[in-house]
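Below is one structure, written out as structure tokens; comments come after it.
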Amino acid sequence: MDERRETIEVEASRPDQRLDAWLSERYPEVSRGHLQRLIKEGEIRVDDRPVKPTHRPAEGETISVHFPPPRKLNVKAVAIPLDILHEDEDLIVINKQPGLIVHAASGDEEDTLVNALLHHCEGELSGIGGVARPGIVHRLDKDTSGCMVCAKNDAAHLDLGRQFHDREVEKFYYAIACGEVTKAQGEINAPIMRHPNHRQVMAVAEGGGGRSARTSYRVLRRLRGATWVEAQIHTGRTHQIRVHFKHIGFPLVGDPIYAKKQNKKLREETGFSTNRQMLHSASLTLRHPRHGEIMTFKAPSPEDFCEALERLDLSGPRG
């Protein structure tokens, strides 16, 4: 991302919203963590004074935003195999394998999707995501497989980021849920927030608050002690499908955080167990950032997901 400076006048007070969240709505292509760093480093100021990310924007304030020139990238390029579904001069779409981290949390890891992209694209990645996340527009959990789109230049990143922010991207997932999902199809409308006691865990905001989250689903097949479903997420909250299906009583098979008891029961009843949540990003539909064509990308399910469907088939395990 090139260096730039902008000034924003706050037109209406937002006592219910932090500055970092307020800015995230205006710069959807920039990660919230990156905005927080800029605030803490004094690159984002309010009425020419340093503030904290928790500052609440007030009517009449002037917010100055400085995006400094990109720092030198010290993330290494590593030859990690990628399953590429589509690639052109603006974007690359991959079928991410389960177990692959999207980007390093500390910058020390060398076996992430970012490392693989740097090797494959030879430097042709957008810089808007910051030095640790070149090309990363959105993300999947480490153990979630499937479709991901990455940007190869800043213009593509800006446009794709806006599409995700404005909920123009259609995202469909395959999931295997513990138990027999009661309804053939349904919708889950439940806001999501960080767990008050466990910051790495998300939860439905039962007493109000949280961020709006909506998931619709339909049952694809009834299984032994489980259900194969297709889920569409209309928002993009952390762990959204995992949290929403736990909320309705059917957490995902293999989920080590939200389904410990249910997976123990499934293992006792069927003999089946797996070391990751059975969640796969099956397809993405978006508008190409350069020529505007609507494009749909589909990712075949990985081997362990197919094996789970076969092992839990109502006719019994095969082979």
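Any read-out appearing in this document is the output of simple, stated calculations on the displayed coordinates, not a laboratory observation. Keep in mind that this is a model prediction, so the values were computed, not measured. Methodologically, a virtual Cβ is constructed for each residue, glycine included, from the backbone with ideal geometry; neighbour enumeration extends over all protein chains shown.
For the reader, a short list of remarks on this structure follows.
- This model, with +1 at the C-beta of Lys and Arg and -1 at the C-beta of Asp and Glu, gives the chain a dipole about its Cα centre of some 1340 debye.
- Amide proton proximity set for Leu223, modelled H, under 5 Å, gap of 5+: Trp228
- Label point at Met295 placed 7 Å out along Cα→Cβ; residues across segment 81-98 whose backbone nitrogen lies under 11 Å: 85-94
- Kirkwood hydrodynamic radius (C-alpha pairs) into Stokes-Einstein, segment 185-314, 10 °C and 1.306 mPa s, D in µm²/s: 98 µm²/s
- Measuring against 21 Å, Cα to Cα, the residue pairs Lys96/Lys152; Lys142/Lys246; Lys76/Lys142; Lys76/Lys96 contain no pair spanning a longer distance.
- Between Met202 and His195, the built amide H atoms are under 5 Å apart, and every one of these is 5 or more places off in sequence or on another chain.
- Prolate/oblate/rounded call for segment 4-67, Cα gyration tensor, a/c under 1.5 rounded: rounded
- FRET efficiency, 1/(1 + (r/R0)^6) with R0 51 Å, evaluated for Ser273 and Glu43 via beta carbons: 0.60
- Calculated Cα extents along the principal axes in Å (choose from [x] 67, 47, 38; [y] 71, 48, 36; [z] 88, 58, 30), label: [x]
- 222 nm mean residue ellipticity, helices alone, for the chain (DSSP H n ≥ 4; -39,500 (n - 2.57); rounded to 500): -6000 deg cm²/dmol
- Alpha carbon centroid spacing (whole Å) that separates segment 197-273 from segment 7-86: 31 Å
- Charge dipole (Cα centre; +1 on Lys/Arg Cβ, -1 on Asp/Glu Cβ; no other charges) of segment 208-294 amounts to roughly 180 debye.
- Among Gln97, Gln277, Gln185: highest mean-square fluctuation, GNM of the chain, C-alpha pairs under 10 Å: Gln185
- Modelled FRET efficiency - R0 30 Å, Glu122 with Arg26, Cβ distances, 0.05 increments: 0.40
- Shape metrics for segment 142-212, restricted to C-alpha atoms - Rg then Dmax, Å: 16.3, 45
- Segment 116-237 - Debye-derived log10 I(q)/I(0), Cα point model, q = 0.14, 0.16, 0.20, 0.23 Å⁻¹: -0.80, -0.98, -1.21, -1.31
- Distance in nm between pseudo-label sites at Glu307 and Glu6 (7 Å out along the Cβ direction from Cα): 4.7 nm
- About the Cα centre, charge dipole magnitude for segment 4-67 (Lys/Arg +1, Asp/Glu -1 at Cβ), debye: 320 debye
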